[in-house]
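See structure below.
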Amino acid sequence: MTDPRDTSATGFRARFLPAAAAWAVLVAAVLVAVPLVLADRLPDPLATHWGPSGRPDGSMSFAAFALFPVVLWVVVAGIGIGVAARARTLVRRAPRAFYCAGLAWAGGLLITTQAFTVAANLDRGDWTRAAGMTWQVAVVVVAPIALGALGWLAGRRGPDASPAPPPAEPVIDLSPGKRPVWVSTATAPWASWLTLVALAAAVVVAAAARSGLIRDGWGAVVPLALTGVVGAVLSSVSVRVVPESLTVSVGPLRWPLRRVRLDRVERAWVEERYPAQVGGWGYRGLPGRATIMIRGGECLVVRYTSGGELGITVDDAAAGAALLNALIARQHPSVER
């Protein structure tokens, strides 16, 4: 058994992950059980959208209403628990609180939305006769935020490992006449799983819609397919350093890519960065100070001669920073570093 006093990454993960999994199972059980238990008291299709007047103005088939929230939750919860499984993430209080708040908010939003939708359609013969939505909209907004706040507070409990002090700016000696090349990558398993789940769900929903099993199912296919494409782009990043330039590319196709001439780079170093610090995954920030966030942890950070910065989450960042600094020093041997 795990010692409850163990504050290491391994010990805390052994206690944290079952709690996160229990929340994921509870939300999934509610999303599945409520429509099935009340199926004979709900119209098909159901009212699922209400206009500014509070009256229903849009509908969805019962099958799509029962399936779509569950699929969405499986994707969201799977990503959240996959990220939380990283030991380095769990022992940092800020990113841990961020993930807990996100999981709590997403689960609360799906449950409250489903609850009020079912209540409005219950024992109505036709979706056009569904009850109106007025004060319920405020609850749908406020209740998930309250749950997210509770998740944030829960995530702040436990260890908070201090980030390692920034290392000295790395540099290596280059032999004259040699043409060094450094290539490194970083992968995000959660994004690969997101791609597989979203694209598989898109195929299943499209097949069900085409066969007539799910009416109005085509509206869910495009968002699921786009989610899969985004997951593919976020699944990996590759960095290549040669004497002329620094090249950064993302995704399995190594596109899109960004090439920076070496004469535009002032220096490079290694820094610890996490999604909670930069605002999430993907290309975060603004031009001039941005981070390509694939996974939390070690980043290669380059400063431009214009004063801007670019951080890339990549493995063996120290070697890349050392080579960049050495190449810059070789171009400008008179400049003290």
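Packing, taken as the mean count of other beta carbons within 10 Å per residue, orders the peptides 130-142, 191-203 from highest to lowest as 191-203, 130-142.
A cut-off under 13 angstrom between Cβ atoms defines the neighbours of G280, and their net charge, with Lys, Arg +1 and Asp, Glu -1, is +3.
Applying the Karplus relation 6.51 cos²θ - 1.76 cosθ + 1.60 with θ = phi - 60° to the stretch 105-110 yields 3J(HN,Hα) values of 5, 5, x, x, 5, 5 Hz, where x marks Gly and Pro. Remark on R289: its backbone amide H falls under 5 Å from those of E309, a criterion applied only to residues 5 or more positions apart or on other chains, H modelled at 1.01 Å from N. Local charge for V183 was computed over the other residues whose Cβ lies under 12 Å away, with Lys and Arg +1 and Asp and Glu -1, and equals 0.
Database remark: amide H of G58 closer than 5 angstrom to the amide H of T48, H49 (H placed geometrically; neighbours at sequence offset of 5 or more, or on other chains; Pro and chain starts carry no H).
May I ask you to order 182-190, 294-302 by the average number of other C-beta atoms within 10 Å around their residues, highest value first?
The peptides rank, most packed first, as 294-302, 182-190.
Using the Cβ of S249 as centre and a radius below 10 Å, the other residues enclosed give a net charge of +4, where K and R count +1 and D and E count -1.
The HN-Hα couplings worked out from phi for the stretch 201-209 by the Karplus form 6.51 cos²θ - 1.76 cosθ + 1.60 (θ = phi - 60°) are 5, 4, 5, 5, 5, 5, 5, 5, 5 Hz, whole numbers, x standing for Gly and Pro.
Just so you know, all these numbers are worked out from the coordinates, no wet-lab data involved. Owing to the predicted nature of the structure, the values given are computational and were not obtained by experimental measurement. Ideal geometry is used to build each Cβ from the backbone, glycine not excepted, and the neighbour counts take in all protein chains shown.
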